[in-house]
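> Got a structure for you, written out below as structure tokens; questions coming shortly.
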Amino acid sequence: MPSDLTAQLLELNQKLLNAIFAGDWKTYSTLCDERVTCFEPEALGHLIEGLPFHKYYFDLPGGGSGPVQVSMATPVVKPLGTEAALVLYTRLVQVLTPTGPMTKRVEETRVWQNFGGTWKLIHVHRSAPA
């Protein structure tokens with residue numbers, strides 16, 4: 001049975017993923033520290049700091065071809081003391097394409113920090129599968 005902290009962080013992380021795929025900038029930005037850093041394939045090997053890089057993608061026109069489901073496969077929460085934690089998992093994205101259902105995967109590490117009782121995302125490392 002997961003600890004209260006594990007359950008809380010997995011719930012927050014799922015809320016963040018749902019916000020990403022729903023294009024919900026308000027929820028996404030409230031879950032992130034304004035100085036969030038990331039290494040992501042879209043950053044082309046550069047360390048990115050701040051929310052503007054991410055906002056660009058939220059502002060793009062939609063156009064999905066069907067319903068999307070996003071989930072965390074084999075998630076692990078590693079507390080770093082009481083004020084920070086790692087959330088590690090393989091993100092599975094299920095989409096309906098014109099040729100049928102498709103599942104995409106990507107490996108993610110997200111670092112959460114507790115700011116006076118409020119958990120915020122402070123770093124993400126996302127790797128495209130080899």
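The values are calculated or read from the model by the stated rules, or taken from the named source; none is laboratory data. Just so it is clear, the structure is predicted and the values come from calculations on it, not from any experiment. So basically every Cβ, Gly included, is an ideal-geometry build from the backbone, and we count neighbours across all protein chains shown.
> With respect to the numbered conditions (1) touching a residue at least 24 places away in the same chain (Cβ under 8 Å); (2) of a type in the set (Phe, Trp, Tyr); (3) within 17 Å of LEU17 (Cα to Cα), which one is the sole condition not fulfilled by PHE115?
(3)
> For segment 11-33, give me each residue that is within 16 Å of TYR57 (Cα to Cα) and not in a helix (DSSP H, G or I). So that I can check it myself, show each step before the final result.
Applying the first criterion (within 16 Å of TYR57 (Cα to Cα)) to segment 11-33 yields 16-29, 32.
The answer is GLY23, ASP24, CYS32.
> Of the numbered conditions (1) at negative phi; (2) of a type outside the set (S, T, N, Q); (3) over 14 Å from the mean Cα position of the chain (by Cα), GLY45 satisfies every one except a single condition; which is it?
(1)
> Within segment 75-116, take every residue that is among the hydroxyl-bearing types (Ser, Thr, Tyr) and touching a Ser or Thr at 6+ places or on another chain (Cβ under 7 Å) and give me the one that is farthest from ALA128 (Cα to Cα).
Taking the candidates together, the pick is THR97.
> What number of residues in segment 112-127 are exposed (fewer than 12 other Cβ atoms within 10 Å of the Cβ) and farther than 15 Å from LEU10 by Cα? Break it down into steps so the answer makes sense when it comes.
Taking segment 112-127 first, the residues exposed (fewer than 12 other Cβ atoms within 10 Å of the Cβ) are 115-118.
This time we only want the ones that are farther than 15 Å from LEU10 by Cα, so: 115-117.
Qualifying residue count, segment 112-127: 3.
> Could you grab me the full set of residues in segment 32-83 that are at pLDDT 95 or above and aliphatic (A, V, I, L, M)?
Matches in segment 32-83: VAL36, LEU47, ILE48, LEU51, VAL70, MET72, ALA73, VAL76, VAL77, LEU80.
> Here's a follow-up. Could you list all residues from segment 1-10 that are in a helix (DSSP H, G or I) and either over 13 Å from the mean Cα position of the chain (by Cα) or surrounded by fewer than 17 Cβ atoms within 10 Å (Cβ to Cβ) (or both)? Working first, answer last.
As a first pass, look at segment 1-10 and keep what is in a helix (DSSP H, G or I): 4-10.
ASP4, LEU5, THR6, ALA7, GLN8, listed by residue number.
> Separate question: Please determine, by comparing only the residues of segment 66-82 that are of a type in the set (S, T, N, Q) and part of a strand (DSSP E or B), which one is surrounded by the fewest Cβ atoms within 10 Å (Cβ to Cβ). Step through it out loud before you land on a result.
First, pick out the residues of segment 66-82 that are of a type in the set (S, T, N, Q): 69, 71, 74, 82.
Pick out the ones that are also part of a strand (DSSP E or B) and you get 69, 71, 74.
Details: GLN69: 13, SER71: 15, THR74: 7.
Result: THR74.
> Right, here's the next one. Mind listing whichever residues of segment 34-65 are free of Cβ contacts under 8 Å to residues at least 24 places away in the same chain and part of a strand (DSSP E or B)?
Of everything in segment 34-65, those that are free of Cβ contacts under 8 Å to residues at least 24 places away in the same chain and part of a strand (DSSP E or B) turn out to be GLU34, ILE48, GLU49.
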